[in-house]
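One structure is given here, and the rest of the page talks about it.
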Amino acid sequence: MNILQSIQQLDGEILLRIQRYLRMDMLTPFMKSVTFLGNGGWFWILCAVVLLAVPKTRKTGYAAALSLIFGAIVTNLLLKNIVARPRPFAEIEALIPMITKPKDFSFPSGHTTASFAVALVMLRMLPKKFGIPAVVLAALVAFSRLYLGVHYPTDILTGFVIALVGSTLSVWIVRTKPEDKQVH
């Protein structure tokens, strides 16, 4: 067994353990609601729009929007189509998805990428009373994808890394001012 097969096997085992030990009837509706916040990135796009609309947080809004765009390009346009990884419920017979089966590919998680793309910008650029809850919500969205059986752990981890890179670049771009050029 090579390293990729070992990782895939571990991915599946983690999902089956989540299904067996963490799924509860009273928790499932909450997880479905949390995952809904990541559908199409609507909640995080709305956050970026609100940040853009308020003059005091406009730079944060620009960084959030840039980070979302970066994440969408890398995740949804490039990697999902290049890697073309099937969803875990299509590969693991014992895994029962708890929501309507998504039709697109699994790797990486777009929900995780979008959630952390904005949350990490907020953590870096806003007071912690806004940034920390945003990161906690992003983590809940990411975990909900595992809980509901629609992503592998490596999909989530990769989505987070993409968001980390995108948010770091976006914050740097927004905070870097071009030098004023004087005309002589």
Checklist entry - Lysine pairs, Cα distance under 22 Å, 8 or more residues apart or cross-chain: how many in region 29-175? => result 8
Item to check | T168-I69 FRET efficiency (beta carbon distance; Förster radius 25 Å; 0.05 resolution) | outcome: 0.95
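Quote the relative contact order of region 29-175 in percent (integer), defining contacts as alpha-carbon pairs under 8 Å separated by 6+ residues. Please list the in-between numbers first.
Details: 242 pairs, mean separation 48.8, N = 147.
Contact order relative to length: 33 percent.
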Checklist outcome for this item: With Cα coordinates, the longest principal axis of the chain makes an angle with the long axis of helix 42-53, in degrees rounded to 10, of 10 degrees
Checklist entry - What spacing in nm lies between the two simple spin-label points modelled at M26 and V54, each 7 Å away from Cα in the Cβ direction? => result 3.4 nm
Checklist entry - Quick one: what Rg and Dmax do you get for the chain from the alpha carbons, in Å? => result 18.0, 73
Item to check | Within region 58-138, trypsin sites (Lys or Arg not before Pro) in DSSP loop having at most 12 other beta-carbon neighbours inside 10 Å | outcome: K103
Item to check | Gain in span if fully extended, A94 to I132, counting 0.36 nm per residue against the direct Cα distance | outcome: 10.1 nm
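Where a number appears in this text, it was derived from the coordinates with a stated rule and is not lab data. These figures come from a predicted structure and were not determined experimentally. Please note: Cβ atoms are built from the backbone with ideal geometry, for glycine as well, and neighbour counts cover all protein chains shown.
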